[in-house]
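Peer 1: Before anything else, here's the structure in question.
Quick note: the coordinates plus some simple rules give every number you see, no bench work behind them. Keep in mind that what you see is a predicted model, and the values were worked out from it rather than measured. Cβ sites come from the backbone with ideal geometry, for glycine too, and all protein chains shown count toward neighbours.
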Amino acid sequence: RDLHSQEHSFPTRRSSDLEDLSITGFADIEVSELIDPELTTVHVPHREMGIAAAKSLIAMLKTQTPVESHLLETRIVNRQSLGPAKPH
């Protein structure tokens, strides 16, 4: 089959259709606030994650046994890249 046939092509979208999109990022990096629209993202506590990983590694090296998993709290940072849900 021809890969350029209608069957395999993506529909073209008008720029106004972009208003129908919601985009979410992960890790809450600084650039999330600098782009337009500002990116809604999941904040991950990187510092706490590193501290927990280091403590777990030290404990594993000392005891030669696996350690328990750690759950760290994340949060949504709402910015401008999410729109309201639209009915289908």
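Peer 1: Note down the nm distance, to one decimal, between modelled labels 7 Å out along Cα→Cβ at VAL42 and at SER22.
Peer 2: 1.5
Peer 1: Something else: Over region 35-88, with a single point scatterer placed on each C-alpha, what log10 of the ratio I(q)/I(0) does the Debye formula yield at q = 0.15, 0.23 1/Å?
Peer 2: -0.62, -0.90
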